[in-house]
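Asks: One structure is given below, represented as C-alpha cells, and several questions about it will come after.
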Amino acid sequence: MRVMVVWCPDWSVVAALEEAGRSSRSPAAVLAANVVEVCNGPARSEGVRRGQRRRDAQARCPELVLLPASPDRDARAFEPVLAVVEDLRPGVAALRPGLLAVRAPGSWYGTETDAAATVCQALVEGEVWDVRIGIADDLFTAEQAARTAEVQQWVVVPEGGSAAFLRGLPVRVLADDGPRGRELVGLLQRLGLRTLGDLADLPADAVEQRLGAHGAAVRRRARGEDRTLFAARTPPPELDVAVSFEPALASVEAITFSVRTTAERFVDQLAHHQLVATGVRVEAESDGVVCSSRTWLHPRHFGARDLVDRVHWQLQSAGSTSGAGSSLRARKDTGRVHAPVDRVRFVPELVEPAAAHGEALWGSASDDLVERGVARVQGMVGFDAVQRPVLQGGRSPAARQALVPWGERAVDLRPVDRPWPGRVPGPAPVRVFATPPQAEVVDDAGRDVRLTERGVVTGELRRFRARGASPEQSVPWQPVSAWAGPWPVDEAWWTGGAGPTARFQVVGADGRAWLLVRSPEGWALEAGYD
C-alpha cells in the first residue's frame, strides 16, 4: 500500500488569521501558555521560533500578531480540506489539523505524479495556497517527503526507496513526535548522531537496550521499515433535507401543506441511521437567499408533525397574521420572510441515538395526545403563550423555577448540580408564592425577631402571623411549635441588592409548615409545605 500525505504548514496560524480577518502575509504566531506554539513564514524570517516566550518573540518582531491557541478552531478550519481530498479519494485520515493521509490513488489518475497534481490543484482552487504532498511506501516517509516539497509541489519516493530517501535527513525531523520526540532528538545529538542514516546503521539490539521500545520503533522508521497503519474516517452522512417549490409559494398554509412529505422523509432518513433529532434548523429561501432561519429544540425528539408545526409557527410569525390565506409579502421586517418562498430546508443540529429515546414500558400514546392538544392551543394563542415549569439552580424556591415554552428545550438555565450555599435543604415546598405576603415573627417578650450583621438571631421564634391577599396566604397569630434555621444568604451585594437575608422553616400550632424569610425590609411568607 502506497501512502499519500498532504501537509499544510503552520495550519494553526492560517486558521487563526482567517478567523481574525487578518492577512496571511502578516507575521503571526499562535501562543499557548505565553509560549510560541506555531509561527508562520514571515514570523520565522524575523527570528521567531517555536518554544520562544512571548516577550522574546515580540522583541524579535515587534509587529508580530499574537493569536490564541484553539484546537477546535483548527479542526473546524481543516474540515474543508478533508472534504476536498475525500471527494477525490475516499478513506482520508486526519492525523492532526494541517496533516492528512490517504492511500495513494495512482492507478485511478494514471500515475502517482498525476494524482498528486490533481489533489494539489483541487486544494488550490479551494483557496488552500500552501499545500505540499508526499507519496511513499509508508506513512513516516510520505510525511517527510511532503515536508521536503516546495509550495504547491510534491515529492514521490519510488517503491523500495524509503531507506535511501531518509538517510540524509537530520535527526531533528523526529522532534515533530511531541515531547518524547524532542527528548530523543536531544539524546541522539549528544551521542553524535546527526542523520537518520546514522541511527539506521546502529545494531537493533543495542538501540533497544539503550533507548527502549520507542527508540527501536524510531530506528525502524529511519530504515523505512515502519508499517504504521492509519484509521481512515467514514464520511459523515448528509442528513439535511430540502424541498423546492416551482413556482414559489406565498401562502403559509400552502407551504406548510407542501413540506409534510419532506418532514416525513427527514425523520425516516434519521431513523435509517438510528438517530433522532432534538435540535433542527428550519430555513426558508426566497430567490436563493435565506430569508428566515431558526433553530428549534425539542424536549424529546422531533417527529414529522412537530416539524410541520415549527414551519407553520416560524413562517406565520414572519408573515402577516391577518387571515388564514395570508401572503408572506405583508411584512418587511429585517431578517424576516417578506417574499414568496421557493425552498424550505431541514438541517439537524442536535442528533442523538434513537436507543436513548425509546418508548416506556406502556408506550407513549397518552403523551402524544397531550402534545397534540398543547400544539393546537399554541396554534391558537401563540407559541410562547404556553409554557411549562422546569427546575434550575438557585438558593430560594422562587429562583429555582423557570418557565420554558412548551415544545422548546430549556437552555441558559442555572445548573442544578452546583453547591448553592445558603439553599434550604429538602424536601421542597409545595406552594411558592409569586408575591410573598408580609409576616410578623416575635419572641417571648413580643419583640420583633431580627438578624444581626453576623447572622445571629436576636431571640427565639415564639409566635408568627402572615397577612396575604387571599385566605390561603393568610395565617392568624399562632404559636411556633418547631423551627429550624437560619440559612443566611448575602447575594448580589455588588449590585446594591436588598442586603443579607435568612430563611427559616417554621411549624405552627395547627401542624402546617411554612418557609419564612427575613430581609432588611422585614419578614415575608415565601412558601408553604402543606
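Asks: Looking at (1) in a helix (DSSP H, G or I); (2) over 25 Å from Glu37 (Cβ atoms), which one does Arg147 not meet, given that it meets all the others?
Replies: (2)
Asks: Among the residues of segment 7-15, is there at least one that is surrounded by 14 or more Cβ atoms within 10 Å (Cβ to Cβ) and either without any contact (Cβ under 8 Å) to a residue 40 or more places away in the chain or assigned to a strand (DSSP E or B) (or both)? Talk me through it step by step, then tell me what you get.
Replies: So in segment 7-15, the residues surrounded by 14 or more Cβ atoms within 10 Å (Cβ to Cβ) come out as 7-15.
So of that shortlist, the ones also either without any contact (Cβ under 8 Å) to a residue 40 or more places away in the chain or assigned to a strand (DSSP E or B) (or both) come out as 7.
Within segment 7-15, one or more residues are surrounded by 14 or more Cβ atoms within 10 Å (Cβ to Cβ) and either without any contact (Cβ under 8 Å) to a residue 40 or more places away in the chain or assigned to a strand (DSSP E or B) (or both).
Asks: In segment 284-294, what residues are loosely packed, with under 14 Cβ neighbours inside 10 Å, touching a strand residue (DSSP E or B) at 6+ places or on another chain (Cβ under 8 Å) and in a strand (DSSP E or B)?
Replies: Val290 - this is the single residue of segment 284-294 that is loosely packed, with under 14 Cβ neighbours inside 10 Å, touching a strand residue (DSSP E or B) at 6+ places or on another chain (Cβ under 8 Å) and in a strand (DSSP E or B).
Asks: To continue, here is another question. Find the residue count for segment 120-148, including only residues that are touching a residue at least 60 places away in the same chain (Cβ under 8 Å) and more than 22 Å from Ala83 (Cβ to Cβ).
Replies: Summing the residues that are touching a residue at least 60 places away in the same chain (Cβ under 8 Å) and more than 22 Å from Ala83 (Cβ to Cβ) in segment 120-148 gives 7.
Asks: A follow-up question, please. Here are some residues: Ala175, Ala94. Which one is surrounded by fewer than 22 Cβ atoms within 10 Å (Cβ to Cβ) and more than 18 Å from Leu199 (Cβ to Cβ)?
Replies: None of the others qualify; the one that does is Ala94.
Asks: Out of (1) charged (D, E, K, R); (2) farther than 11 Å from Val308 by Cα; (3) in a helix (DSSP H, G or I), what's the single condition that is false for Glu264?
Replies: So Glu264 meets the others, but not (2).
Asks: Moving on to the next point. Which is under 30 Å from Pro105 (Cα atoms), touching a Ser or Thr at 6+ places or on another chain (Cβ under 6 Å) and not small (Gly, Ala, Ser), of Leu139, Leu169, Leu174, Leu196?
Replies: Only one candidate passes the filter, namely Leu139.
Asks: Let me ask another. Let me spell it out: the conditions are (1) of a type in the set (Gly, Ala, Ser); (2) in a strand (DSSP E or B); (3) at pLDDT below 85, and Ala469 meets all of them except one. Which number is the exception?
Replies: (2)
Asks: Here's another thing I want to ask about it. Criterion first (at negative phi, in contact (Cβ under 8 Å) with a residue 12 or more places away in the chain, crowded, with 22+ Cβ neighbours inside 10 Å and assigned by TED's automatic domain parsing to the domain that holds Leu88) does Ala117 satisfy it?
Replies: no
Asks: Which one of these does Glu408 not meet: (1) within 24 Å of Glu491 (Cα to Cα); (2) touching a residue at least 24 places away in the same chain (Cβ under 8 Å); (3) part of a loop (DSSP other than H, G, I, E, B)?
Replies: Status for Glu408: all satisfied but (1).
Asks: From the list Ala402, Ala439, Ala466, Ala482, which one is loosely packed, with under 12 Cβ neighbours inside 10 Å, in contact with a strand residue (DSSP E or B) (Cβ under 9 Å, 6 or more places away or on another chain) and of a type in the set (Gly, Ala, Ser)? Explain how you work it out, then say what you get.
Replies: On the way: Ala402 fails: loosely packed, with under 12 Cβ neighbours inside 10 Å; Ala439 fails: loosely packed, with under 12 Cβ neighbours inside 10 Å; Ala466 fails: loosely packed, with under 12 Cβ neighbours inside 10 Å.
Selected residue: Ala482, the only one of Ala402, Ala439, Ala466, Ala482 that is loosely packed, with under 12 Cβ neighbours inside 10 Å, in contact with a strand residue (DSSP E or B) (Cβ under 9 Å, 6 or more places away or on another chain) and of a type in the set (Gly, Ala, Ser).
Asks: Residues that are in contact with a Lys or Arg (Cβ under 8 Å, 6 or more places away or on another chain), closer than 30 Å to Gly168 by Cα and in a loop (DSSP other than H, G, I, E, B): does segment 50-67 have at least one?
Replies: Yes, there is a match, as at least one residue in segment 50-67 is in contact with a Lys or Arg (Cβ under 8 Å, 6 or more places away or on another chain), closer than 30 Å to Gly168 by Cα and in a loop (DSSP other than H, G, I, E, B).
Asks: When you go through (1) touching a strand residue (DSSP E or B) at 6+ places or on another chain (Cβ under 6 Å); (2) part of a helix (DSSP H, G or I) one by one for Thr118, which number turns out not to apply?
Replies: (1)
Asks: Now for a separate question. Could you please let me know if Ala217 is assigned to a helix (DSSP H, G or I) and farther than 30 Å from Val85 by Cβ? So that I can check it myself, show each step before the final result.
Replies: Numbers: assigned to a helix (DSSP H, G or I): yes; farther than 30 Å from Val85 by Cβ: no.
Against the criterion (assigned to a helix (DSSP H, G or I) and farther than 30 Å from Val85 by Cβ), Ala217 does not qualify.
Asks: Now a separate question. Which ones in segment 152-205 are on the phi > 0 side of the Ramachandran plot and touching a residue at least 24 places away in the same chain (Cβ under 8 Å)? If you could, list the steps in order and put the result at the bottom.
Replies: Filtering segment 152-205 for residues on the phi > 0 side of the Ramachandran plot gives 152, 160, 178, 192.
Gln152 - this is the single residue of segment 152-205 that is on the phi > 0 side of the Ramachandran plot and touching a residue at least 24 places away in the same chain (Cβ under 8 Å).
Asks: State which residue is nearest to Met1 (Cα to Cα) when the search covers only segment 149-182 and only residues that are touching a Phe, Trp or Tyr at 6+ places or on another chain (Cβ under 9 Å) and polar (S, T, N, Q).
Replies: Ser162
Asks: Of everything in segment 415-436, what is surrounded by 14 or more Cβ atoms within 10 Å (Cβ to Cβ) and among the basic types (Lys, Arg)? Give them in sequence order.
Replies: Those that are surrounded by 14 or more Cβ atoms within 10 Å (Cβ to Cβ) and among the basic types (Lys, Arg): Arg423, Arg431.
Asks: Restricting to segment 412-447, name every residue that is free of Cβ contacts under 8 Å to residues at least 60 places away in the same chain and either among the aliphatic types (A, V, I, L, M) or not in a loop (DSSP other than H, G, I, E, B) (or both).
Replies: Leu413, Val416, Ala428, Ala434, Val442, Ala445, listed by residue number.
Asks: Checking the structure you have, find out if any residue of segment 214-227 is in contact with a His (Cβ under 8 Å, 6 or more places away or on another chain) and either under 30 Å from Glu159 (Cβ atoms) or not assigned by TED's automatic domain parsing to the domain that holds Val85 (or both).
Replies: no
The values are calculated or read from the model by the stated rules, or taken from the named source; none is laboratory data. None of the values given here were measured: they were computed from a predicted structure. Neighbour counts are summed over all protein chains in view; Cβ atoms, including those assigned to glycine, are modelled from backbone coordinates with ideal geometry.
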